[in-house]
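Structure, as structure tokens:
The values are calculated or read from the model by the stated rules, or taken from the named source; none is laboratory data. Remember, it's a predicted structure, so these values are computed and weren't measured experimentally. Cβ: placed from backbone, ideal geometry, glycine included. Neighbour counts: every protein chain shown. Remember, those area values only see protein heavy atoms, side chains included, never the ligands or the DNA or RNA. Shrake-Rupley method; radii C 1.70, N 1.55, O 1.52, S 1.80 Å.
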Amino acid sequence: MFFNSVPFLLFFPAVFVVDLLLQRRNATARKGFLLLASWFFYAQWDYRFLFLIWVSTVVDWLVGNAIHRNSGKRARNALLWVSLAVNLGLLGTFKYYDFFIESANLLLESLGLNGNLPVLRLILPVGISFYTFQTLSYTIEIWRGTLKPARSALDFALFVGFFPQLVAGPIVRASEFLPQVERNPRASRADLSLGVYEILSGLFKKVVIADLIGGDLANGFYGDPTRFGFLGAMAGIYGFAFQLFGDFAGYSQIAVGCGRILGFQLPQNFFNPYMARSNVEVWRRWHVTLITWMRDYIYIPLGGSRSGEARTYRNILITNLFSGVWHGAGINFVIWGLVNGLTICWSRWWMIVKSRRGVVERDDAWTVWKQRFLFFHVFLIPMPIFRTPDLATLGEVGRALVRWGPDAGVTDPGEIPRRGVLLLILAFAMTVASEYRGKSIRRVWCSLRPEVQGAFAVCLFGLFALVSAERVPFVYFQF
Amino acid sequence: MSDASHPAAPAVPSAADGADTQAEPRAFAFLARFLLGAVVAAALANVLAAALGQRWLGAETPSQLERNGLSLSILAEFAAAERADVAFAGSSVTRNAVVPELLEDALATALAERGSAGAEPRAWNLGYPGGTPQLARYFAERVFREGHPRVFVLEAAPFLWDSTRPGREGAETYWRWMSEPPETLTAAATGSLPYTFVPDAVKGLNWGMEMLWNPRHPDSWRAARPDGNGITPRGGRYPAAWCAPGVWDPSRDDAQWEENFQRGVERVSELATSPEWRTELDRIAVACAEKGIELVLVMPPLYAPLVERMPPGALAEMRAWMGAAADRHGFRLIDLEADSTWAYTRAEFRDALHLNPAGAADFSRRIAVEVLAPLLADG
């Protein structure tokens, strides 16, 4: 069940109404209902993989409690390893096994050996990367002593399986979610308004921005870069940048909105990343819940920035390598992660150099926009690596970028779709508006009467219905 | 990456952005008022759409016809056009083979050479992927009018017209598509679509979107699709610009060639002249005769390796049957497949069934000069 589908349009209001009826009467029944609804939501994709969620839930619930009860360091460590082994074992088996085996086979063949290790061809369970990281953070925080176990298995199961964030994040921390579950939260009028706002805004990003720009500009280009010259390639690359942002930020916003309407506050995942003024800042605005997860559980344990510059760069590279691999099992994701790490290292080094030289950062509009332009494009550089299925296609992307002149795009006689270009401009304008007027827009929205919000919503839904001839799955479902 | 505390805006959105979170939740009241606004807006959108009365407001359904490129606005423009000399109907073979703009240029030149200088012939390609004889009959009976078009060129490749033949894979889907268009087609073709309640309550927004994207052509935003759907004003898959020498690189089709060829082989292996086709052709011939439209049945040139894989005798049987039908109704049957000078090679096909832009350009020019010009000059 996708957020941008008719079944969800029926599912969510039904859940909302039942949740409303239950929340004042029986908190436990409410949690149970939300949990069942969440599992139902997941089962719409493939009920067989509910089993994995249940395994992860049971193991981390038991391990979390056991760690909390045990004061011995060795026992606590052993229990943590159990959780890591089970969670990462499942993730590794379903997501990475084939990649590593195929890589090993290639290596063996290159050495003249028989590279015939068996591959499993398993389906990647939707959301496994997300809920695995959630349950891991729960156990690790208890192991660190910064979190107490959930009060009940039901609370914990709801933390793992809460449907708005189950399949594509945001990656919620137990410390954010469990206190809310225990409080039996209710949505205020402001929550309802803001929830609707987040859903509409997220759907607009997904259905109008991401899907249309993707269809008009990005998919065509990345599908066959040989047909395009420089302009077509740039349109495709810009298009994918906004497609990816619209798709994932849109999903996250819908998730936040759904949670909010049900009374739960989920963390935002994106803060206008394309308005960042440095490469470091980009990653403080992009997929925030993953990046902070990586920071807290990989970068800082490696030593963070506390062990000298060289180690800091090493830690940045390792963390970004993990971030790349988290996105997918493929050499392109490995390279993508490393290139991102290198650009962050460069950005950090450059900031240090400027600081040593005593360069004072100016805040005038010219400087601000110059930096935004620069770092948006720095962020853009590795994106084709992320998008292309193999290195050969990546090479074609590079060749398209240097194809210029009267013969550019010789096999791309169609013009760059005007609608796509218009939508790119719209997406950019929305990003700027959100950066400077985001709070004002929300404030105005919340000040509207519910009737006006309803009218606005129905108009937007009409727009979504008109422009979406086909429902396009969310990109991040594949991770 | 920094281990400093997260500098971005608060991770949990603050309700203070909007309004007071301490207010007593009145969710049901909110929901009721929200729904009231939604229903009123939907009703108003309907009234607005009805008042606007644009023919495409209602016609712009997400029908399969639209998606596959036979835009209803093309049909509407055809029906409303002052002049329509030639209309092609057929399957995706026709849609890929005829470039109206090129055909018109070649036809104008050929007519000038025959003494009809200054003629500005107008051609339309109403070919449709998965097209059926029922659809062609529908055109003949309901969309065409007296002498409009002057010549109706009907694709005579029955095995390509068998989308609804019982037993064919996807036949039910094709039936569903075909059952969809009559009302909207009629309305679009006559330009007087009666407004009925639109289930999609905000259909009127379509108007605003169309005008926003291109006030001149209501179909423009669909036209912008990279696969070229509806991109030409009078139908067909390829804009004339794609057909210029050297523009289309045939090697781009290489990757899918073998797979597409096998699909074509599967199609011709179940070759049959369906009873529906025979019935519909009779009705098409009658309708054309009544409206003074010259009906021409054209067997398009086929990819030779594909023909070799047809069931033995099937093509001959088809020819015999079509010949008999032509004699019975008095229409012309032109068998380009049997004419070796029309044989196209892989360089002109984008797959085993469909011509690429280079092939379409050649086909359009030649059929204009060799087939249509004599007909129109005589008429």
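Things to note:
- Its residue count N fixes a reference of 2.2 N^0.38 Å for segment A:1-78, and the Cα radius of gyration divided by that reference is 1.50.
- Once the mean of 1/r is taken over each pair of separate Cα atoms and inverted, chain A shows a Kirkwood hydrodynamic radius of 24.1 Å.
- Prolate/oblate/rounded call for segment A:195-244, Cα gyration tensor, a/c under 1.5 rounded: prolate
- Radius ratio Rg over Rh of segment A:223-330, counting only Cα atoms, Kirkwood formula for Rh: 1.06
- Cut-off 9 Å between beta-carbons: net charge of the residues surrounding B:Gly127, Lys and Arg +1, Asp and Glu -1: +1
- Straight-distance crosslink candidates among lysines, where the alpha carbon sits under 22 Å from A:Lys205 and sequence neighbours closer than 8 are dropped: A:Lys439, B:Lys203
- Accessible area buried, both sides summed, chains B and A with 1.4 Å probe, Å²: 5300 Å²
- Ordering A:Gly308, A:Gln253, A:Ala276 by Cα displacement along the dipole of segment A:233-311 toward the positive end leaves A:Gly308 in first place; charges were set at the Cβ atoms of Lys, Arg (+1) and Asp, Glu (-1).
- Ignoring lysines fewer than eight residues from A:Lys31 along the same chain, the ones with Cα atoms less than 20 angstrom from its Cα are A:Lys148.
- With all protein chains in place and ligands, DNA and RNA left out, the 1.4 Å accessible area ranks B:His329, B:His148, A:His68, B:His354 as A:His68, B:His329, B:His354, B:His148, largest first.
- Kirkwood estimate for segment A:191-467, i.e. one over the average of 1/r between Cα atoms, Å: 20.4 Å
- When peptides A:85-98, A:209-222 are sorted by average Cβ neighbour count within 10 Å, with the highest value leading, the order is A:209-222, A:85-98.
- Chain A, accessible area per residue, ligands and nucleic acids excluded (1.4 Å, Å²): 41 Å²
- Scaled to the globular estimate 2.2 N^0.38 Å, the Cα spread of segment A:6-185, given as radius of gyration, is 1.21.
- Dipole moment magnitude, nearest 20 debye, segment A:89-172 about Cα centre, only Lys, Arg, Asp, Glu C-beta charged: 320 debye
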